[in-house]
Structure formats: structure tokens, C-alpha cells
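Notes follow the structure.
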């Protein structure tokens with residue numbers, strides 16, 4: 001018999017096949033919906049851009065509208081006043097940008113000589129040298145070859161070739177003077193589309209703010225009407241976090257723009273307000289936005305200044321401002337991460353730029369954040385969380401199993417060393433290694449692990465245990481805790497998905513034994529499972545670190561055919577380990593009885609890890625095992641060995657004195 005659970009007939013296989021089929025169909029449907037959504041975003045950009053801007057603007061204006069509402073202005077009046085204030089601020093910024101661009105264009109002729117000199121200098125240092133090198137090489141090649149002289153055409157032939165050259169009549173085309181209506185149309189036509197878009201944005205923003213409760217109820221009905229309490233809590237909390245995050249981001253970017261504009265003004269760069277506004281806008285694009293904003297003012301400073309000092313100081317200003325804000329201000333304000341991985345930020349910037357152009361580039365991070373929040377809370381969109389989020393895609397247990405399957409002990413040891421910074425060695429083995437081996441044992445039972453992969457798992461686990469032999473099994477010293485600010489980002493640490501991926505902490509601390517050294521010898525025996533022997537190797541290491549003299553034997557050593565030849569008279573404690581067992585099979589009870597018969601004076605500890613993760617065995621189950629103790633973790637097994645050793649020492653001491 002095999003103590004590991006077998007697939008329960010065709011019903012289990014059919015369930016697995018049905019689940020795989022359902023997953024495949026669901027994946028195809030989701031992929032098809034995604035393709036259609038992207039196509040709609042691209043084709044209907046003229047409609048979707050204003051609506052998206054209105055939704056994001058509503059997140060920014062909502063706190064102001066709520067503040068005005070608390071002043072007893074009324075809901076409608078508060079919304080209209082908040083939107084009017086926002087419109088005024090945006091209009092003022094547009095006017096300032098237009099004024100700065102006009103001043104910059106008017107001042108360019110004054111810098112023409114300096115710009116031409118810088119261009120000539122750069123040209124002489126780069127392309128000029130290449131041209132001189134090419135010219136010298138050409139002359140050398142020309143001297144090395146002999147070219148026959150080219151015959152010249154007579155002057156009369158050239159004159160005869162164009163007999164009508166002197167008789168050409170110049171033609172001048174004059175456009176009619178435009179009428180006032182045509183002049184107005186030429187001036188206003190470029191502004192009609194932006195003005196129409198702005199009008200749509202502000203109208204939709206007002207509607208969203210006025211109908212917030214109704215839109216929330218409809219979203220609840222759409223996404224989770226079966227669990228109103230949870231859905232309502234999630235949506236309210238998500239909307240609040242997004243709003244606070246966008247407002248905080250707006251404040252930080254505004255501060256960066258003010259610092260950049262003031263610094264460029266002091267340095268002497270023309271149109272500093274324009275570059276400050278540009279820096280504030282482009283900083284919405286993480287990692288690269290601020291450096292894109294730094295290119296134009298730095299290039300302008302290099303063009304208008306006779307030397308290079310102004311350009312260098314401009315670049316230093318951007319570097320210092322970004323480092324100060326990115327490494328000090330933002331971590332203190334809303335944590336070090338927006339929840340997006342760096343790869344997803346770059347890909348999102350490329351994607352939204354392709355879909356919507358420059359507006360998509362600026363809105364790429366807010367839009368991707370909204371998609372990530374949906375992925376965190378909507379089950380069918382969970383793939384967005386996996387693709388876009390910065391949380392590990394695999395849990396530490398799954399990561400360990402993947403490294404073992406790949407035969408990569410170095411990465412497994414590196415992961416273990418990171419986790420051992422805040423937990424004991426036995427806690428790591430219980431929380432990661434044993435659970436990973438149980439996943440592997442389950443796959444071996446199902447027949448999905450080949451013999452080559454099984455050999456990799458065994459080799460990787462052995463190398464891992466050897467690599468961690470230098471660690472003691474004790475709780476690490478507590479790290480100095482620093483007060484962390486409350487997260488205002490849309491993905492706070494309390495998020496359910498993040499909590500599920502976090503490393504679980506063991507309930508039991510590292511075992512602490514009595515001051516005397518253990519006197520009992522321990523014999524470790526694996527079960528009949530495919531990977532039980534690996535659990536025995538781990539237990540041997542832990543027992544040795546706690547002073548036990550321990551050794552192991554294969555399971556065949558206690559079989560019916562070999563039990564009589566077992567030599568273990570010096571053994572005081574026997575530990576049996578079963579990584580995967582369903583219930584208490586009869587062969588386990590028979591094994592314990594054989595050990596009792598062959599070694600009547602030993603104490604037996606059984607480690608049983610059930611598929612249901614049973615934490616404690618009932619008294620009836622332990623009594624049926626006829627063992628001193630049944631445990632479900634290595635830490636419990638170590639503690640049980642310590643208690644049994646102390647008991648055996650107390651019993652043995654009077655006999656020693658009497659002798």
C-alpha cells in the first residue's frame with residue numbers, strides 16, 4: 001500500500017479535466033474581450049479620451065467637492081464650484097503656457113548668434129572631424145590613382161542647349177485677400193477640437209460627481225450584488241485610495257514643477273514657468289518622464305549661454321530635485337511603490353502612447369493603476385494584477401518548488417537567506433521547504449513529475465540543506481523598527497491579495513530546550529511517500545543543531561522482512577515522518593507496533609502532514625496510533641523530542657543513583 005493519497009477514481013480525473021476545460025474557455029473569452037476592448041479604445045479615441053479624462057479629473061475634484069459640501073453649500077453647488085475652480089486653474093495654466101511660448105519665440109532671434117556658434121562648435125567637434133578624415137582619405141586615394149582629364153564642352157554648345165533661357169517670362173501668383181469670415185475660420189479651426197474636448201470633459205466630470213452614489217450602486221450590481229457588504233467596502237475603499245493617491249501625486253508634481261521653475265529662473269534659463277509646468281505634467285510618467293522634461297530646458301540653456309555652465313546647472317537641478325522627491329518625499333508620503341512593476345510602467349507608457357498619443361503617455365500610469373485596482377478586486381480580471389503588479393507572482397512555497405523543479409539550488413538558497421532574516425531555521429523549513437515538498441509529493445502522486453524532475457527535486461533539497469547548515473535554529477534579533485506613514489496609495493498593504501501572497505509566520509517559535517545537553521539518541525524514519533526521506537534529512541539537521549545525536553534509516557529497514565535485523569538498542573526516541581497522508585492507515589499502526597515490539601523502551605513521535613493541513617490530532621487519533629505524540633510541524637516535533645528527552649532523563653536518574 002501507499003500512504004500518499006491516490007486519485008480517487010474517474011471522478012477526480014473528470015473534475016480536473018472539467019476545470020482545465022473551463023479555464024481554457026474562460027481564458028479565451030477574456031482574451032477576446034481584451035482584444036475587442038483595445039480595438040474600441042483605438043477606434044473610439046475621440047470619445048474615450050474625454051470620458052477617461054473626466055473620470056480621472058473626478059478623482060481629483062472629489063475631495064474639493066466634499067470639502068465644499070461640508071461647508072453647507074449643497075451637493076449641486078459644491079460640485080459646480082469645485083469644477084469651476086478646476087476649470088479656472090486649468091485655463092490659467094493654459095494662458096501661462098501660451099504666454100511663455102510667445103515670449104520664447106520672440107526671444108529666439110536674440111540667441112541666434114549664440115545658437116549658431118554652439119552648433120558650429122558641436123559640428124566641428126563631431127561631424128567636422130569625420131568630414132576632414134573623409135576628405136584626407138579621399139585625397140590620399142585620389143593621389144594613388146590616375147584619372148584621365150575630362151573633356152570640356154565648348155561655350156557655344158552650352159549656349160545652344162538653352163536657346164530660350166533669355167526669353168523666360170517670370171510669373172507671380174497672388175492669393176486673394178481673405179475675408180473676415182475666412183480669417184476667423186483659419187484662426188479658430190485649430191482651437192475648436194481642443195475646446196470641444198475640454199467642454200465634454202467638464203460636462204462629464206460634473207455628471208460623474210453629481211451621480212457618484214448612483215454610479216457606485218450600478219457598479220456594485222454589475223460586479224458583486226451577491227456580497228453587498230464586501231463589494232461596497234472594497235469599492236468605497238478603492239475609490240477613496242485612488243482619490244487620495246491622485247491628489248497626493250498632483251501635490252508632489254506641483255511642488256516639483258515649482259522647484260524646477262524657480263531653479264531655472266535663478267539659473268537664467270528663458271521661460272522657466274513653461275519648463276516647470278512641463279516637468280509637473282511629464283512626471284506622471286514614472287522613471288523617464290522627468291528626464292524627458294529635462295531635455296528641452298537643458299538644450300535651451302546650452303543654446304542661449306556662451307558657455308556650458310548654465311546647461312550643467314540645469315541638468316543638476318533636475319537630478320537633485322528628482323532624487324530628493326523620489327527617495328525622500330514620496331516614500332514618506334505614500335510609500336515606495338505605486339503597486340506597479342517597473343516593466344509594466346514602461347510597457348503601459350508605450351501601449352497608451354500608441355493608443356492615444358501624447359495624452360496616453362501622460363495618462364499611462366493613472367490608467368494602469370485603475371486597471372491594477374480592478375485586477376486586485378475582480379476575480380475575472382485577476383490576470384491584470386499578475387501582469388501589472390509589483391508583488392511576486394509566486395508565493396515563497398511555490399517559488400521553492402519551482403526552483404527545485406528547475407534544479408536551481410543557488411536561487412533556492414538565496415531565497416532562504418532572505419527569509420531567514422526574520423525567522424528561525426525551523427520556521428523556514430516548516431513554512432516553505434516542507435510545504436514545497438508536499439506540493440511536489442502531490443504532483444508525484446498524480447504522475448505529473450518525471451523521474452528526471454524528481455531527481456532534481458531531491459538534489460536541490462539536499463544542496464539547500466547543506467547550504468543552510470551554517471545557520472542556527474533560533475529567532476533572529478529584532479530589527480530596529482521605523483515608524484512608517486499610513487499608505488495613501490491605491491494598493492495599501494492591507495489589500496487581501498497582497499496579504500495572501502505574504503509569507504506566513506509560524507505560530508510556534510524556535511524550540512528552546514533545557515540547559516542540559518540532550519541524552520537521548522534519536523532515530524529518524526521516513527514514511528513510504530516519494531519525498532519523505534527529504535523531510536528526514538531536514539529533521540536530522542535540526543536535531544543536530546539542538547544537541548541530539550540523531551541518525552536515519554530508510555523505510556525498508558523497519559519493514560516486516562528487515563525489522564528483526566534492526567540494531568538500535570541505544571535509541572531513545574523514534575521519529576516517523578509522513579509528508580502526505582490521508583487519515584491514519586492501518587500500515588502506519590502496524591509499523592508502530594513492529595517498532596514497539598523490536599524496541600520496547602523507545603518513545604515514538606509521528607509527524608503527519610495531512611492534505612487538509614490539520615493542526616492538531618485528537619486524543620482518540622493519537623491513542624489509535626499508540627505513539628507518545630503526533631505533530632504536524634518540525635518545530636512541534638523538536639519540542640516533543642525535547643520534552644521526551646527531559647522525561648526520560650528524570651526517570652533514568654534515580655536508576656543511575658540506585659545502581
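Residues are listed down the side, and each one gets a yes or a no for (1) assigned to a helix (DSSP H, G or I); (2) surrounded by fewer than 20 Cβ atoms within 10 Å (Cβ to Cβ); (3) in the same structural domain as residue 580 (by TED's automatic domain parsing); (4) without any contact (Cβ under 8 Å) to a residue 60 or more places away in the chain:
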site: 400; (1), (2), (3), (4): yes, no, no, yes
site: 411; (1), (2), (3), (4): yes, yes, no, yes
site: 427; (1), (2), (3), (4): yes, no, no, no
site: 430; (1), (2), (3), (4): yes, no, no, no
site: 436; (1), (2), (3), (4): yes, no, no, yes
site: 448; (1), (2), (3), (4): no, yes, no, yes
site: 455; (1), (2), (3), (4): yes, yes, no, yes
site: 459; (1), (2), (3), (4): yes, yes, no, yes
site: 466; (1), (2), (3), (4): yes, yes, no, yes
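Considering every residue within the stretch 517-536, establish whether at least one is part of a helix (DSSP H, G or I), assigned by TED's automatic domain parsing to the domain that holds residue 636, touching a helix residue (DSSP H, G or I) at 6+ places or on another chain (Cβ under 6 Å) and buried (at least 19 other Cβ atoms within 10 Å of the Cβ). Checking the stretch 517-536: at least one residue is part of a helix (DSSP H, G or I), assigned by TED's automatic domain parsing to the domain that holds residue 636, touching a helix residue (DSSP H, G or I) at 6+ places or on another chain (Cβ under 6 Å) and buried (at least 19 other Cβ atoms within 10 Å of the Cβ).
The requirement of being closer than 18 Å to residue 118 by Cα and buried (at least 20 other Cβ atoms within 10 Å of the Cβ) is satisfied by residue 301. Across the stretch 599-614, the qualifying residues are those that are assigned to a loop (DSSP other than H, G, I, E, B) and modelled with pLDDT of 80 or more, and the one among them that is nearest to residue 588 (Cα to Cα) is 609.
The residues in the stretch 384-398 that are exposed (fewer than 15 other Cβ atoms within 10 Å of the Cβ), touching a helix residue (DSSP H, G or I) at 6+ places or on another chain (Cβ under 7 Å) and either under 20 Å from residue 29 (Cα atoms) or touching a residue at least 60 places away in the same chain (Cβ under 8 Å) (or both) can be counted, and the count is 1. Inside the stretch 62-103, can you point out the residues that are in contact with a helix residue (DSSP H, G or I) (Cβ under 7 Å, 6 or more places away or on another chain) and closer than 30 Å to residue 301 by Cβ? Result: 93, 96, 97, 100, 101. May I ask you to verify whether residue 544 is surrounded by fewer than 17 Cβ atoms within 10 Å (Cβ to Cβ) and not in a loop (DSSP other than H, G, I, E, B)? For residue 544, the condition - surrounded by fewer than 17 Cβ atoms within 10 Å (Cβ to Cβ) and not in a loop (DSSP other than H, G, I, E, B) - is met. Checked against (1) at pLDDT 85 or above; (2) closer than 19 Å to residue 644 by Cα, residue 569 meets all criteria but (1).
The values are calculated or read from the model by the stated rules, or taken from the named source; none is laboratory data. Given the structure is predicted, the values throughout are model-derived calculations rather than measurements. Using ideal geometry, Cβ is built from the backbone for each residue, glycine included, and neighbour counts are taken over all protein chains shown.
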